[in-house]
Amino acid sequence: MREDANGRVLLGLTQPPKRKPSPGNASSSRKKKKNHDRRPERSRYFEEPDPFRIQEDIIAINDSDTSDEGDIEEPEPVQRSWSPSAPLNDSSDEEDEGPAPVPALRPPPTISEEINTLSTFCPIRDQNTFTLAPDEFGSFGLGDGAAILLALSASDTICFLGAYKLSVLHGSITVCGTTLQSPSRVHHVFAPRSSPLPVIAVETESRAGPSKISTLPPRFQSLLATADALIVVQELQTNVSGLEVICRAFDRVFSPYRRNDEDAFDFGVPGVHMVSRRTKHSEPFCLPLSWSSALSSASAAEVDASEVYVVEGPKKTGKSTFARTLVNRLLARYQRVAYLECDLGQSEFTPGGMVALNIIESPLFGPPFTHPTLPIHAHYIGATTPKSSPSHYLSAIQSLVQSYRLDIQIPTDMGIEGDDDRTCDRIPLVVNTMGWTKGLGADLLQKIHDMVEPTQIFEFEAPIIDNAWPARAPAHHLLKPIPSLNLYSAVDTRSLSIMSYFHAVFPSAIGPGAFRQITATRWNTSLPLCARRPYEVDISVAVDRVILTGAGMEDVRPSEIQCVLNGALVGLVSCEPDTPLDGIPYIQGALPPSPEVSSCYGLALIRSLSPKVLHVLTPTPPASLHKTRVLVKGEMELPIWGLLDFRTDNDEVAGVEKGKVPFLQWGKREGLGAEKRRVRRNLMRRGQM
C-alpha cells in the first residue's frame with residue numbers, strides 16, 4: 001500500500017510491472033479510460049463537447065419550412081459517394097432506395113381499437129350469411145364457383161383478403177373510393193397484402209337503382225326489408241395466386257401473414273379470407289380528404305369532349321392509386337376512359353419500358369399486376385427512365401396524343417351494348433406521369449403539359465411547375481400523399497408485373513377499328529418460361545430489322561449481335577419495310593424507329609437463337625404477331641425469377657436442375673475481376689505508427 005499526494009490509500013502493486021507494453025499495442029481500452037480519468041490534462045479539441053449540440057433552443061431553418069411548430073425535422077441519411085460498385089443516385093431511377101424528392105413520411109400514429117377494426121360485420125350463418133346452392137347461381141347470373149350472399153346493415157364494414165367476384169343485388173356499397181349500385185355487373189376484386197386492402201361499406205347517401213327483386217329466391221325476399229345492402233361474394237378462378245410460386249418474394253401474398261390475422265369464420269369460398277384487424281401486413285385503403293374533394297370535383301364537372309386529367313407528383317406518394325381511383329370515378333359517367341401511361345418504371349396496364357394508350361371499360365380493383373392489358377397504341381422505349389433518350393420519349397408521347405385526338409376522343413364506333421345511360425360518344429383521357437420531378441424530369445413534365453393541354457391537374461405536394469400555363473388555364477388540385485406500405489420495393493413490383501405479363505392468357509384480339517379493353521382473364525403458371533414451348537421464327541422470312549437502343553448500344557458490333565440477343569427481352573414493333581439483309585438484319589448505331597410510322601404490340605423473350613432461327617416466347621395474340629417484323633432491344637432485362645424453374649421444389653415433377661438453368665452460372669466465377677475484391681483496412685499512416 002501507498003498514499004498519494006492527497007493522502008488517499010492506493011491498493012495494488014507498489015511497483016510498476018516489469019513487462020513493458022509493446023509499441024503497437026499500448027494497453028486495453030479499459031486501462032486507457034482509467035488513465036484518461038487520472039490525468040488532469042485538458043482534453044483535445046475534438047473530444048470537447050460541441051456547445052451547439054448541448055443547447056436546447058435551436059431553430060432549424062429550411063428553404064420551405066411549412067411544418068407545424070411542434071414537428072421535429074428528422075435528419076436525412078447520408079448518401080454514399082459514387083463508386084464502381086454503387087450506381088449514381090439519380091432521381092429518375094424508380095428503383096433507388098435513397099431519400100425521395102419529398103420528405104419521408106412518418107409512420108401513422110397508433111390509432112384506437114375501434115378505428116383499427118377493418119370488419120365490423122359479424123357473420124351469422126343463415127341470418128346474414130347464406131351459402132348459395134348451385135341451382136341459385138342461374139337466378140343471380142353467376143358462373144361456376146362457390147358463392148355466399150351477405151346481408152349488410154348501414155354500420156357494417158367487411159374486408160376480404162384474396163381474389164373474388166363481387167356483385168351488388170340490393171342497395172349500394174363503396175369499394176376503394178368507388179360506389180357500386182344495384183343492379184351491378186360482376187366485378188373482379190384482387191386484394192393481395194402487397195397493396196391496400198379494399199374495405200366494403202354500405203353507401204347510405206347514394207340512391208341505388210332498382211333491385212333484382214324478381215330474381216331473388218323466396219328465402220331471401222325477407223332480407224329486402226331488413227338489410228341495407230345485399231352483396232354476393234364468389235370464388236374467382238383465374239390462377240393469379242400461381243404468381244406467388246414464380247416470384248418467391250411475393251410468397252403467400254394472397255393469404256394471411258399469420259393465422260390470427262384472419263377471422264375464424266369459414267365462409268366456404270376458396271381463396272377468400274376476412275380480415276378483422278389492421279396490422280403492418282394488412283393495411284386498408286383509406287380515401288384521404290384531399291383526394292375525396294378532388295375526385296368529387298372531377299365527377300361533378302360538366303361533360304366535355306376535351307376532358308384531360310393529368311396526375312403528377314414525386315414517387316412513392318400514391319400517384320398510381322389515385323389515377324386508378326380517378327378512372328373508376330369517371331367510369332360512372334362514361335362507358336370508356338382512355339389512359340395514357342407516361343411512367344416507364346411503374347406502368348399500370350403494361351410492362352415497364354413503354355408508353356402506352358389503353359382503353360378501360362370496367363372498374364379496376366387490384367394492383368397493376370392483376371390487370372395486364374393489351375394497349376390500343378404503344379411505343380417501346382426499352383428503359384425504366386427516359387434520361388438516356390428524352391427526345392424519343394417525347395416523340396412517342398406526342399404520337400399517342402395525336403392518336404387519341406384523331407381516333408379515340410370522339411369515337412366513330414358504337415358504345416357498349418346494353419341498357420346503359422352513361423356517355424358513349426366521348427372518351428376522356430387520364431394521363432399518368434412519371435415520378436421524376438426535378439431537373440430534366442421537370443422539363444419533360446412541362447413538355448407533356450404542352451402536348452395534352454390538361455383541363456384538370458391533380459398534383460401531389462407543392463406545385464412543381466410555376467411557369468405560365470396553357471391558354472386554357474386548368475383546374476389545379478393539390479393532393480396529400482399517402483404513406484406507402486414499404487413491403488416491396490419498386491424493383492420487386494416491376495418484376496412481378498413483367499412475370500404476370502408473360503404468364504397471362506389474353507382473349508382473342510378484337511378486329512381493327514374497335515377500341516375495346518383486352519385484359520387477361522387468367523394466368524398459366526403450370527410451366528416456367530424455360531420449359532414452355534416457344535415460337536420458331538425464321539429470321540430471313542419474319543424479321544426485317546433488329547435495333548438496339550439505350551446507353552452504349554451503339555458500340556455493339558454486328559459480330560456480337562447474336563450474343564446480345566440470346567436471352568434478351570425485346571419489343572415487338574411494326575414498322576415500314578426495309579431493305580432485307582443477310583443473316584441477322586442488324587445495323588450498328590441505327591436509330592430507334594420513329595413513333596410516327598411504328599407501333600409496339602408487346603414484349604417477347606428470345607430464349608435462344610441461331611443465325612437462321614429464333615425461339616421466341618410472347619403472350620401477344622397470334623393475330624397481331626404477323627404485323628411485328630422489327631425487334632427492338634433496350635436496357636431492360638428479364639427478372640431473375642423468369643430464368644428459374646420453380647418446379648424444383650415439387651418432388652412429383654422433374655424440373656430443370658439448378659446447374660443447368662440457361663443464362664445462369666452457379667458457384668464460383670471465373671475470369672479477371674470476377675472475384676470479390678479484398679480490402680485491407682489495417683494499414684496505418686506514418687503519423688499513426
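The values are calculated or read from the model by the stated rules, or taken from the named source; none is laboratory data. Please read these numbers as outputs of a predicted model, since none were measured by experiment. Glycine gets a Cβ as well: all are built from the backbone with ideal geometry, and neighbour counts include every protein chain shown.
In this entry, Leu406 is excluded by the filter for residues that are under 25 Å from the mean Cα position of the chain (by Cα) and among the hydrophobic types (A, V, I, L, M, F, W, C). In the range 281-293, the residue that is farthest from Thr174 (Cα to Cα) out of those that are part of a helix (DSSP H, G or I) and out of contact with any helix residue (DSSP H, G or I) (no Cβ under 7 Å at 6 or more places or on another chain) is Ser290.
The rows are residues; the columns are (1) closer than 20 Å to Gln409 by Cβ; (2) β-branched (Val, Ile, Thr); (3) touching a strand residue (DSSP E or B) at 6+ places or on another chain (Cβ under 9 Å).
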| position | (1), (2), (3) |
| --- | --- |
| Leu289 | no, no, no |
| Ser297 | no, no, yes |
| Tyr309 | yes, no, yes |
| Glu312 | no, no, yes |
| Lys316 | no, no, no |
| Phe322 | no, no, yes |
| Pro351 | no, no, yes |
| Thr370 | no, yes, yes |
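When each of Ala338, Ala298 is tested for being in contact (Cβ under 8 Å) with a residue 40 or more places away in the chain and either outside the structural domain of Val491 (by TED's automatic domain parsing) or over 20 Å from the mean Cα position of the chain (by Cα) (or both), the lone residue that passes is Ala298.
Within the range 241-280, the set of residues being among the aliphatic types (A, V, I, L, M), modelled with pLDDT under 90 and in a helix (DSSP H, G or I) comprises just one member, Ala249. Of all residues in the range 630-644, none that is surrounded by fewer than 24 Cβ atoms within 10 Å (Cβ to Cβ) and of a type in the set (S, T, N, Q) has its Cβ atom under 8 Å from the Cβ atom of a residue that is modelled with pLDDT of 95 or more and assigned to a strand (DSSP E or B), 6 or more apart or on another chain. Consider the range 147-190 and keep the residues that are assigned to a loop (DSSP other than H, G, I, E, B) and in contact with a Pro (Cβ under 8 Å, 6 or more places away or on another chain). The one that is farthest from Leu287 (Cα to Cα) is Pro183. Restricted to the range 419-458, and to residues there that are of a type in the set (Asp, Glu) and under 24 Å from Ile360 (Cα atoms), the residue that is surrounded by the fewest Cβ atoms within 10 Å (Cβ to Cβ) is Asp419. Might you check whether a residue that is aliphatic (A, V, I, L, M) and modelled with pLDDT under 90 occurs anywhere in the range 224-233? Yes, because at least one residue in the range 224-233 is aliphatic (A, V, I, L, M) and modelled with pLDDT under 90. Going through Asp578, Asp582 one at a time, which residue ends up being part of a loop (DSSP other than H, G, I, E, B) and touching a Pro at 6+ places or on another chain (Cβ under 8 Å)? Exactly one of Asp578, Asp582 is part of a loop (DSSP other than H, G, I, E, B) and touching a Pro at 6+ places or on another chain (Cβ under 8 Å), namely Asp578. Selection within the range 595-634: residues that are more than 19 Å from Thr519 (Cβ to Cβ) and of a type in the set (Ser, Thr, Tyr). The member of this set that is nearest to the chain's Cα centre (by Cα) is Ser599. Being surrounded by 20 or more Cβ atoms within 10 Å (Cβ to Cβ), touching a strand residue (DSSP E or B) at 6+ places or on another chain (Cβ under 7 Å) and among the small types (Gly, Ala, Ser) is a condition met by no residue of the range 574-595.
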